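The values are calculated or read from the model by the stated rules, or taken from the named source; none is laboratory data. Keep in mind the model is a prediction, meaning the values are calculated, not measured. Neighbour counts run over all protein chains shown; Cβ positions are idealised from the backbone, glycine included. Note: areas computed on protein heavy atoms with side chains; ligands, DNA, RNA excluded. Shrake-Rupley method; radii C 1.70, N 1.55, O 1.52, S 1.80 Å.
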Amino acid sequence: MSSLSIWQQAWDAAQPRLHSIQHVLASPAFPGQKPRIIRVGQLDAELLDAELVHILTEPVSKALATFNTSMKARFEPELALLVQLVLYRFSVWSSGASYGAMLQGLRYSVPSPGLGCEPPQRRRLIIHGALTILVPYFRNRLHAYALSHAWPDAPAFDTRRRAWDALMSLETAHGVFSLLNFVAFLWNGKYRTIVDRFLVMRLEPSQALLTRDVSYEFMNRQMVWHAFTEFLLFLLPLINPRSVARRLTSTFSSILPAPSPTQKIRTPKRGKYHSLPPDQCAICAENDSLNVNLGDAAGALASYTPVFPVSSNSDIEPPYPITTPYLASCGHIYCYDCLAERMLRAADDGSRGWTCLRCAEEVRSADRYRLESESENLGRTSTLSGAENESVDDGEKERSDAESSQGDEGSEFDFSSEFGSGTGSLGSYTFTGSEA
């Protein structure tokens, strides 16, 4: 007998043993073939299921709130119960895994009498659904009913108070057991909840070789957007929108070609209050129009729409009289307080000047204004009424001059005491904005 035939006989005799070993290695009961237990996937599956219930419940709750606000608070637990039952029917009952578990590549399984695992039976799934859906619903309803009927405030010997204490004891015990079960789950990764441990149902990978491919694209996008929003929340309070708008306007105006003189003559600028009579202050009119009565819609619109009464030479006082008139650099007259407040505000904003409400021109300086015809009228009156009236007029002039000099000394602005020959101004205020 040759050596080749001896080796052939030994190989043929070992074939049944080799086939049995190969079968054992290929079976899922072999420890080496069990996939790695992923605890994060099981926790993510629970979060995905809760988020799915919230997404499906929220639109229906909003629809109920449009009909009746109390209906949403009254039937919201029943709506969540209905959504959970429907999802359980088409996920765990049909395929043995919830939608969150399917997204994580997991499914429920129970240990079989042999060495392998098998899908859970219908009876076990019914008990699982009742414990995970119906029991929490009845617990929430009982808790809300007890609080609405003041069970905690009942006397100690009352049945309601005893039922409340028993309910609180059960909730405390459930919380303690849930904590212990979670610690055990982190240790071995077998049973995620108390119900799963009670029914011996565990989530296992649906495939023998599970590949966990994590895409960080959404996470990176979320982190970038979160950082961008936080940067905006930090930066926006430091930006003055008025100054930015004025700087952009000045930049574009310097880039764009300036209109020709003929175009300027053909299209004169007009401000918001160009039609206001000249003996009235446009700033006072604008401030009055901004005092809108929000209680009355018609009155608010009427007060916001500027209506300019026609000024006449009658004895009726105008609605917006000019007090302490000042002549702006554009040639229009305003109250001293109004004009100074607007120019100081423009200087604080960093702009070059304040925009006139009548001609829309930039106002960069202002002078004290006094009518030239006033002295002529005083002269005519003095010649007609005699020496007594003339002395009175002279006294009034001296008092007015003294008051004007005192006002110039008490003002915080620098007024000049020189009288101009053509303008008749008593003082001047020059704009000291960003241009200076």
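Those residues that are hydroxyl-bearing (Ser, Thr, Tyr) and at pLDDT 85 or above, I need them from the stretch 101-130; list them, please. Once the filter is applied, which keeps residues that are hydroxyl-bearing (Ser, Thr, Tyr) and at pLDDT 85 or above, the stretch 101-130 yields Tyr108, Ser109. Of all residues in the stretch 45-85, those that are of a type in the set (Asp, Glu), open to solvent by 50 Å² or more (accessible area, probe 1.4 Å) and either within 22 Å of Leu106 (Cα to Cα) or in contact with a Gly (Cβ under 7 Å, 6 or more places away or on another chain) (or both) total 2. Write out, first by first residue and then by second, each pair whose Cβ atoms fall under 9 Å of each other, whose residues are 6+ apart or on separate chains, and whose first residue, in the stretch 160-182, is assigned to a helix (DSSP H, G or I) while the second is hydroxyl-bearing (Ser, Thr, Tyr). Between residues of the stretch 160-182 that are assigned to a helix (DSSP H, G or I) and residues that are hydroxyl-bearing (Ser, Thr, Tyr), the close pairs are Ser178/Thr193; Asn181/Tyr191; Asn181/Thr193; Phe182/Thr193. So for the stretch 273-289 (the condition being modelled with pLDDT under 50, open to solvent by 70 Å² or more (accessible area, probe 1.4 Å) and assigned to a loop (DSSP other than H, G, I, E, B)), does at least one residue qualify? No, the stretch 273-289 contains no residue that is modelled with pLDDT under 50, open to solvent by 70 Å² or more (accessible area, probe 1.4 Å) and assigned to a loop (DSSP other than H, G, I, E, B).
Consider the stretch 117-143. How many of its residues are in contact (Cβ under 8 Å) with a residue 60 or more places away in the chain and either closer than 17 Å to Val53 by Cβ or in contact with a helix residue (DSSP H, G or I) (Cβ under 8 Å, 6 or more places away or on another chain) (or both)?
Qualifying residue count, the stretch 117-143: 7.
Within the stretch 140-155, if we keep just the residues that are small (Gly, Ala, Ser) and not in a loop (DSSP other than H, G, I, E, B), the residue that is surrounded by the fewest Cβ atoms within 10 Å (Cβ to Cβ) turns out to be Ser148.
Of everything in the stretch 4-42 that's basic (Lys, Arg) and either at pLDDT 80 or above or surrounded by fewer than 10 Cβ atoms within 10 Å (Cβ to Cβ) (or both), which residue is farthest from Tyr108 (Cα to Cα)?
Residue satisfying both the conditions and the ranking: Arg17.
Out of the stretch 363-388, which residues are under 26 Å from Ile239 (Cα atoms) and either open to solvent by less than 50 Å² (accessible area, probe 1.4 Å) or modelled with pLDDT of 85 or more (or both)? Selection gives Val363 alone. Figure legend. Inter-residue proximity from the stretch 188-200: first residues under 13 Å from Arg39 (Cβ atoms), second residues assigned to a loop (DSSP other than H, G, I, E, B), beta-carbon distance below 7 Å, spacing 6+ or different chains. Indicated pairs: Gly189/Ile37. Of all residues in the stretch 197-218, one or more are over 42 Å from the mean Cα position of the chain (by Cα), of a type outside the set (S, T, N, Q) and open to solvent by less than 40 Å² (accessible area, probe 1.4 Å). Would you check if Pro257 is under 21 Å from Arg352 (Cα atoms), modelled with pLDDT of 55 or more and open to solvent by 100 Å² or more (accessible area, probe 1.4 Å)? It is true that Pro257 is under 21 Å from Arg352 (Cα atoms), modelled with pLDDT of 55 or more and open to solvent by 100 Å² or more (accessible area, probe 1.4 Å). Taking the conditions exactly as written (exposed (fewer than 15 other Cβ atoms within 10 Å of the Cβ) and either in contact with a helix residue (DSSP H, G or I) (Cβ under 6 Å, 6 or more places away or on another chain) or of a type in the set (A, V, I, L, M, F, W, C) (or both)), does Phe90 satisfy them or not? The answer is yes for Phe90.
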